[in-house]
Each structure stands twice: as C-alpha cells, then as structure tokens.
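The values are calculated or read from the model by the stated rules, or taken from the named source; none is laboratory data. It should be emphasised that the depicted structure is a prediction, and the values quoted were computed from it without experimental measurement. So basically every Cβ, Gly included, is an ideal-geometry build from the backbone, and we count neighbours across all protein chains shown. Quick note on the areas: whole protein, heavy atoms, side chains included, nothing else; ligands and nucleic acids left out. Shrake-Rupley method; radii C 1.70, N 1.55, O 1.52, S 1.80 Å.
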Amino acid sequence: MAEVFPHVHQWRLAGRFPQRYDSAGMESSPVWHPVKFLGVFTDFPTLSSVCLPSKEYRVAISKPLSLDQLKAMTKVLRRHIVRMTTEAGSGHPSSSMSAVEMVTALFFGGFMEHDPAQPRWKNRDRFILSKGHAVPVLYAALAEAGYFPVEELMTLRKLGSRLEGHPNMKRLDCIEASTGSLGQGLSVGIGQALACRMDGLSAHTYVMMGDGEMGEGQVWEALASAEKYKLANLTAIIDQNGYQQTGATKDVLKLTEFQPKLEAFGWHVQTINGNVIEEVIEALKVARSVKDNPTAIVSHTQKGFGILPILAPTGDLNYHGKPLSKELAEKALALLAD
Amino acid sequence: MTIGQAAGLKLGKAVRDAFGVALKELGNDFPDVVTVDGDVGNSTRTEVFAKAFPERGFNVGIAESNMVGIAAGLAAAGKIPVVSSFAAFLTCNAYDQIRMCVAYPHLNVKMVGSHAGISIGEDGASQMAIEDIALMSALPGVAVVVPADAPSTKHLVKGMLEHVGPVYLRCGRIDVPEIYGPDSVLTIGKANQLRDGKNLTIIANGLMVGIALDAAVALEAKGITARVLDLHTVSPIDEEAIVKAVKETGRLVVAEEHLPHGGVGSAVASVTAQLAPCPIEFVNIGNTYAESGDPEGLLVKYGLTAEAIVAAAEKVCSR
C-alpha cells in the first residue's frame, strides 16, 4: 500500500484525517472508536457553512494515480469490500464489485476535486450513490482517500458505527446523500448541480444508479428535469450489472436498452464496458467536456466482477445481498492479492 | 363566508395568498431562498416569488417526487428551498422522498402544502389533504405549522425561513377572517392564547381558529366561558400551554380540519395523557373522505362548525 499510494500513506502518517468525526465536533483519532449519535434536532451547520478550500489537500487528492496504480487500487477496494461485508455478516458485496472501476476512476483518476480535511468544502465535486446498497465500495474509496481510517471499514453495519448499511449523510460529512430507497439520488444530484451553478461554482456532480433502479418512475422525472435546466455539471452513471434482487434485470422489466431512452430525454449518452478502467476514464473525460447537456454513462458491468471465479461454483452469479462466507472470502482475497 | 362573524372578525385573504406575498417580501432578506414547484405555482402562490426573482424559481413539472429530491439537493448545497404543491400531492405523492431526502438527513427544506382540508370545495376529495398533519408530524425533526389567517401567515413564513431544519407549512385555499393584527407576535412552537375563559379550553388551528372564536361567543351566551388557543405549531408541540390550559380550565375541545387520527387532536391527547389527564372532546371531519361541494356547505356537512364545537364543549363540561 505505502509504496503504491505514497500520498495516501503520508496523510495517514501525518494523522491528516478529518478534524472531526461528526458535526457535533468529536475529536478524531487514527484509531476507530465508537461515535456519538446525533440527535434529530441537532443543527447541521456544516451543510450550509462555506468552508475555505485547503489547497494542499485538494491538490494532493486530485492528483490522479497512474493507470497501474488505479488498477492496483481496484484490487484494494475489492479486498476492502470482501473483508468488510464478511466481517459484517451482511451487505451487498456483488452489487459493490460491479462499480469498483467507476468509483476508482472517479476518486483516484483525477475526476473529483475534494478535500478529506474539509468534506463540505463548497466547490467539491460530488458523488451520490443512488444505489445505496452498494455503499461498501464508497466506504472503501472514502477510507483510501483519507476521510476515515481504513480500520473503521471493519465496523460496517455494527451498532454505533458511522458506516451504516446504507449511506447516511448525517453520520458522515463525506456522504452526499442519504440513500437506500431507490430512485432518488438523481433528483438530489440535480438540486446540488443547480445550486452549484447558481453560486458560480465549477463543481461537478456524479450520480450512480443501478439498472434495476431504473424501474423507479422518479428517475425518469429527474432525467426530464435535468435536461430542462441543461445541467452540464451533472453526470448520471448507470451501473448496468444486469441483475437485481430476484434475477436478471431484463427479465424483471424490459428497460435495459438505456442509451436510446436517455438520448430521447435529451442527454449526452455513452455506453461502455464499465469494468475496463481505460474505457471508464475515457468516458469520464468526454462527460466533463460536454458543455450544454447533462451527460450519462451506461456502464455495462458484471455483478461480482473481480470475484466471479469464486461465485461461479456457488451457481449464483447474482449473489444479491449476501456476504461471502469466511472460506469464500479467503479464496476471494487470495484471488485479489497484488 | 360566515366564519368569524359572531366573533366580530372581518374577512381577510387566504393563507396561501399571504404565503406567496410574504415569501416575495422576504426574498431580499433571504438571498438563499429558492422555490421548487410542481407546475402549480399559480395555485400555491409561489409564482408571486418566482416572478419577482425569476432566477430563483424552478418549475420542475408535474413530478412531486423529483421536486422534493431536487429541493433536498439544493438544501444540501446551502440553499433554502421552498418546495410547494397541493398539500395532498406534496405529502402523499412524495412522502418517501420527504422521509428519505429531507427528514432523515434533517435538511433545511421548507415544504408548503396548499389546498389543505375539505374547505377547498368543488374540486373534491382527491385534492383535499386531510391526512397531511398525521403524515408530516410523524417524521422526526420536521416542524409542522398551520397558520390561521393572513397576518399570522406573514409572521410564520418568516419564522419558517429562520428555523434551521425541515418545516411543513399548511395553507388553505379560501379567504379566511383576520384574527391577528399586523403587530401580533407568533413564534414557531408557541401556542397563542386568543381569548381566556374558565370552563374549558378550545384548541384549534388553521381555519378552525375563527370557528372556535365564534363558538366561544356562543358558549358565553350559555354561561360557559372558553379559553381559545391557536395551536399553529403541531410539532414541536407546546406542551406548556396545553398543560397550563388543563390546569386552569380543566377540560379541552380540540378542533381541526383533518382526519381524527394523527392530527392535532391526537397530538394534544398524547400530551395530556402523559402530563395532565383531563376530559377531551374532538371536532374533526370524522373517519371519512369528503366530496365536492361549496366550502361552507362542506364544513357544515362534515361537522366543522361553531355549533359542533359548542356541542362538544357542552359535552365535555358535562363529563
């Protein structure tokens, strides 16, 4: 780790984790410890306060990793996903695995300018995980980016942990939207993108949805309204891994040809193999270059990508919503070793 | 309109009209305020604001779920979005979005439902929000505010924008009598005593406040004096004012333009059951949907009248 990602390692050594664990102002520590719950009536001043950018951190985090480093990072994130869901005894590792290349490219490929020292910095680029059940991939990336210690990943889904089963923006400043009820993240992203544009900010908002999630009507309401406001600072990513809870997405609803549908809504659309990081990087570059329309990336992926040889013998390539057994996890970790 | 006549009140503007004007007047003082509409801004009156501040008004079409989600995103980025539709569509169509995107993360979104209650009249039951208070006050951390008239709306809209956190403001469609003056003081979370009496307290909000004042006049002629409380904030509820009313007057009548379950009556009864048990009678539309008709005719048919409050008062005084 230390050799491949020197800047991340340096932050850890310097103890440069966010100075507070929550908006109630708890002291941070490189070692995880249980955190205070926030009361529902507690003010949330960090949301609207303007944070001054901390150039040093921003530059560090926005400096892209090399292609080799990015590929290594996909393995790191996948190992985290396996470990944390097996430790938790529940969760959605296969839904997380399909999105690893996209999340890696976004957070470490130079596409997102953000600041672990100031998670609510106003001009940060935003990533909203609308398919909230895949949050292990997001937690893994946030930990590697320096938002919290990687050790904390092992608290996933446990009582008192900030790493809840679905993203909770009240628990973690680096979570952009509380999701878990499908179909809602794109609307929230539109609100963020509108506000950023009103404030003259250059920030870009990325929203990742699942292909099964596209069955939610609200997504299509959101697609229409983003086009109305010509939100070129918004990119929707459909992580089309082909499966949803009860089976193949194409068998549940025949929505699966997304490119023509989204183009008909006035969006700039690219379709890629989302498990090939080179394709992901190219698509993200194009998305950032479009200036007058919201952009979408239909990212064809495989659920469980990276550990498919482990899942295949189980006869369940969907493997929805269940962690690997300890035995399978060990096999998966061996497969994902550097 | 006969509401408020017995109490000597003169007819004023509708709460929704006062809301639209107040929002526009506050537009310069609150530069972060934006409106998000579901294509009924000319009904909810947010168009008054949006015409004055066109770059701050968004009509996202007939899509309430998306509308609430967008408002949440705007709030997360530091804006103060005022999201509005008919109360029925805002609270019922977009309830999951309100729960997930607004209440759960406790975002600073102001939700305004117009055309609440059965007094909207001819459009009928599909347009009448009669369960909105139950839905919205069920959500942790959401303030629920029901203004009684135009002058109080002006104060409560300002209070809503100053309040940090989600607020639901319920507005009626029809013109209502003026109860407050321009200098009245209204604070979110604090009930207002409008009249004092010894024998019972009538707790009401919205349209029912004027009717409660009429009832108090009629009761006085029968030798029963009633305190009248405007409980304009249902959540967080003013426990102190309710307990004081019970201690000083002994009995309560709660009147609301809502279903019997989960509204002001339930909220008040929950307070008294724990802190000051006492006889209570409830005036509401009953456990039913209403229908098309003229507003006053509907209020009579569904029992939201001064006579109904008088009967409830006499009953509670006999217990």
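From most to least packed by mean Cβ count within 10 Å, the peptides B:272-281, A:271-280 give A:271-280, B:272-281. Grouping the Cα pair distances of segment A:268-338 into 10 Å bins from zero gives a pair-distance distribution of 18, 35, 25, 18, 5, 0 percent in increasing distance order.
Scaled against 2.2 N^0.38 Å for its residue count N, the alpha carbon radius of gyration of segment B:12-177 is 0.91.
Computed on protein heavy atoms with a 1.4 Å probe, the accessible areas place A:78, A:197 in the order A:197, A:78, largest first. For residue B:35, the residues 5 or more places off, or on other chains, whose built amide H falls under 5 Å of its own are B:57, B:58, B:82. The alpha carbon radius of gyration of segment A:124-222, expressed as a multiple of 2.2 N^0.38 Å, is 1.11. Measuring spread by the Cα atoms of segment B:192-318 yields a radius of gyration and Dmax of 13.5, 41 Å. Each label point was placed 7 Å from the Cα along the Cα-to-Cβ direction; for residue B:1 and residue B:183 their separation is 2.5 nm. Taking 0.36 nm per residue of separation and subtracting the Cα-Cα distance, full extension of the segment from residue A:264 to residue A:198 would add 21.1 nm. Quick check: residue separation of residue B:10 and residue B:138 times 0.36 nm, minus the Cα distance between them. What number comes out in nm? Result: 42.6 nm gained on full extension. Note that segment A:182-247, at 25 °C in a medium of 0.890 mPa s, gets a Stokes-Einstein diffusion coefficient of 199 µm²/s from its Kirkwood radius over C-alpha pairs. The phi-based Karplus calculation (6.51 cos²θ - 1.76 cosθ + 1.60; θ = phi - 60°) puts the 3J(HN,Hα) values of segment A:158-166 at 8, 4, x, 6, 6, 8, 6, x, 9 Hz, whole numbers, x for Gly and Pro. What FRET efficiency comes out for the pair residue B:55/residue A:63, r = Cβ-Cβ distance, R0 = 45 Å, nearest 0.05? It comes to 0.80. Distance between Cα centroids, segment B:33-48 to segment B:181-233: provide it in whole Å. Result: 31 Å between the Cα centres.
What the phi angles of segment A:317-328 give under the Karplus curve with 6.51, -1.76 and 1.60, with θ = phi - 60°, is a coupling list of 7, 7, 6, 6, x, 9, x, 6, 5, 4, 5, 5 Hz, glycine and proline written as x. For the segment B:96-106, counting C-beta atoms of other chains within 10 Å of every residue's C-beta and taking the mean gives 6. Working note: Karplus 6.51/-1.76/1.60 with θ = phi - 60° gives segment A:146-151 the couplings x, 6, 7, x, 4, 4 Hz, where Gly and Pro are set to x.
When the helices of chain B are scored as -39500 (n - 2.57) per DSSP H run of n ≥ 4 and the total is divided over every residue, the value at 222 nm lands at -10500 deg cm²/dmol. What FRET efficiency would be calculated for the residue pair residue B:25, residue B:62, taking the C-beta separation as r and a Förster radius of 25 Å, to the nearest 0.05? Calculated transfer efficiency: 0.35.
Bridge orientation summary for segment B:192-318: considering DSSP beta bridges with both residues in this region, about 20 percent are antiparallel. Length gained on full extension, residue A:230 to residue A:314: 25.6 nm, using 0.36 nm per residue less the C-alpha separation.
Look at where the Cα atoms of segment B:4-24 and of segment A:277-325 average out, and the two centres are 56 Å apart.
Between residue B:239 and residue B:221, the distance separating the two model label sites (each 7 Å from Cα on the Cα→Cβ line) works out to 4.0 nm. Here segment A:159-307 carries DSSP beta bridges of which approximately 10% are antiparallel, counting only pairs with both residues inside. From the largest down, the protein assembly as shown spans 89, 49, 47 angstrom on the principal axes of its Cα atoms. Give the separation of the Cα centroids, segment A:122-162 to segment B:248-276, in Å. Between the Cα centres of segment A:122-162 and segment B:248-276 lies a distance of 44 Å. With coordinates expressed along the principal axes, the C-alpha atoms belonging to chain B extend over 58, 39, 38 Å, beginning with the largest.
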